[in-house]
Ligand SMILES: [Zn+2]
């Protein structure tokens with residue numbers, strides 16, 4: 001039985017492909033407003049990075065915490081077919097590592113923006129996210145990563161000192 005309208009199915013498919021997903025759209029719109037210009041899903045580059053800033057040799061990859069297997073509370077292995085998902089996600093992670101290495105080898109600076117930094121309980125203030133992205137693009141740091149501000153075990157331990 002078909003329980004999805006074509007519109008819903010299209011929406012689901014775009015999420016499954018990991019393209020044009022909501023956090024990415026949000027980021028795009030606001031980065032564009034800072035005056036930085038970028039290309040989307042540049043097909044000539046390894047992994048077709050989400051946002052490419054040719055003038056600055058910088059690329060931003062927006063990673064969904066589930067599909068890219070983020071080490072954060074937004075990632076939970078589904079209880080059905082866990083072996084399948086585990087293999088699938090670890091394949092995605094391997095591919096991400098290769099993509100980032102290939103971009104760096106070709107002289108691109110890379111920033112990974114995790115979904116949990118943009119939405120959910122640990123998200124950062126949007127203005128801060130945009131500021132960090134713009135600073136990265138215009139700067140010289142070879143690699144940066146932005147994630148949700150989840151409490152970490154180490155920080156919890158420090159608070160008892
Ligand atoms: Zn995450």
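If you scan segment 97-136, which residues turn out to be assigned to a strand (DSSP E or B) and either within 16 Å of residue 63 (Cβ to Cβ) or free of Cβ contacts under 8 Å to residues at least 12 places away in the same chain (or both)? The answer is 110, 111, 112, 113, 114.
Residues being closer than 24 Å to residue 33 by Cα, touching a strand residue (DSSP E or B) at 6+ places or on another chain (Cβ under 8 Å) and away from the ligand (no atom under 13 Å from the Cβ) are represented in segment 143-153 by at least one member.
Just one of the numbered conditions (1) surrounded by 20 or more Cβ atoms within 10 Å (Cβ to Cβ); (2) away from the ligand (no atom under 16 Å from the Cβ) is not true of residue 138: (1). Checked against (1) under 27 Å from residue 142 (Cα atoms); (2) away from the ligand (no atom under 16 Å from the Cβ); (3) modelled with pLDDT of 95 or more, residue 60 passes all but a single condition, namely (2).
Does segment 114-130 contain at least one residue that is more than 16 Å from the ligand (Cβ to nearest atom), at pLDDT 95 or above, buried (at least 18 other Cβ atoms within 10 Å of the Cβ) and within 15 Å of residue 30 (Cα to Cα)? Taking every residue of segment 114-130 in turn, at least one turns out to be more than 16 Å from the ligand (Cβ to nearest atom), at pLDDT 95 or above, buried (at least 18 other Cβ atoms within 10 Å of the Cβ) and within 15 Å of residue 30 (Cα to Cα). The residue list 27, 36, 77 contains one member that is part of a loop (DSSP other than H, G, I, E, B) and at pLDDT below 95, which is 77. Among the residues here, residue 11 qualifies as farther than 20 Å from residue 131 by Cα and either assigned to a helix (DSSP H, G or I) or at pLDDT below 90 (or both).
Tell me, which residue of segment 39-69 that is in contact (Cβ under 8 Å) with a residue 60 or more places away in the chain and in a strand (DSSP E or B) is farthest from residue 86 (Cα to Cα)? Among those residues, the one meeting the criterion is 53.
The values are calculated or read from the model by the stated rules, or taken from the named source; none is laboratory data. These numbers were taken from a predicted model, which means no experiment stands behind them. Don't worry about glycine lacking a Cβ; one is built from the backbone with ideal geometry, like all the others, and counts go over all protein chains shown.
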